[in-house]
1. How long is region 1-80 along each principal axis, judged by its Cα atoms, biggest number first, in Å?
2. Taking all protein chains in place and a 1.4 Å probe, what share, in percent, of the accessible surface of the chain do carbon and sulfur account for?
3. Would you please calculate the Kirkwood hydrodynamic radius of region 28-146 over all C-alpha pairs and express it in Å, rounded to one decimal?
4. Give me the percent of DSSP beta bridges within the chain that run antiparallel, rounded to the nearest 5.
5. Accessible area per residue for the chain in Å², computed with a 1.4 Å probe and the full protein assembly in place, what is it?
6. Amide H neighbours of Ala136 under 5 Å, counting only residues 5+ apart in sequence or on other chains, H built in-plane at 1.01 Å?
7. At 222 nm, what value in deg cm²/dmol follows for the chain if DSSP H runs of at least 4 each add -39500 (n - 2.57) and the sum is divided by all its residues, to the nearest 500?
8. Within straight cross-link reach of Lys107, meaning Cα distance under 15 Å, which aspartates and glutamates are found once same-chain residues fewer than 8 apart are removed?
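The values are calculated or read from the model by the stated rules, or taken from the named source; none is laboratory data. Everything numeric here is computed off the predicted structure, so don't read it as measured data. Please note that ligands, DNA and RNA were not included when accessible areas were found on the heavy atoms of the full protein model with its side chains. Shrake-Rupley method; radii C 1.70, N 1.55, O 1.52, S 1.80 Å.
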Amino acid sequence: EGTSEIPDYILNPDMKMPVKTVDGWDYIGVVDIPALGLNLPVITSYSQQAIKVAPACYGGTAYKNDFIICAHNYKVHFGKIGSLKTGDIITFTDVDGNVFNYEVTEKEILEPSEVDRLNNGDWDLTLISCTVSGQARMTVRCKKLN
């Protein structure tokens, strides 16, 4: 009594995120962005086809604090992430029910050629989408809270 089991991902942060298949797509969890009224499933891996359906993992994992989620700039996906403010909360819940809370700390616009800046850095969660023009990438950087 009173003992809580340590989640697998803490014991083994290199593990692959568990997957749930729905309608032929493999999902790793759900991203919740209350400030934008968004609650969206996240597909296992990025492809042009995948992000027409839902946001997708572009790289990293929630377990290793280097998670990047990419989505189209559709209004129902990440079209409004540029309006997020420092301090806004974003939650990712994996398919096993593990919850990861993040706080927006920074926003930047990256040119398509700045892939290194997208992938490298000390952010626990990064959300990316095209700007309205599609010419650059709106990037929201977040730190883990728990």
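1. On the principal axes, region 1-80 reaches 46, 26, 25 Å in Cα extent.
2. The nonpolar share, carbon plus sulfur, comes to 50 percent.
3. Answer for region 28-146: a Kirkwood hydrodynamic radius of 13.9 Å.
4. The antiparallel proportion sits near 90 percent.
5. 54 Å²
6. Under 5 Å from the amide H of Ala136 lie the amide H atoms of Thr131, each far enough along the sequence or on another chain.
7. -1500 deg cm²/dmol
8. Asp88, Asp122, Asp124
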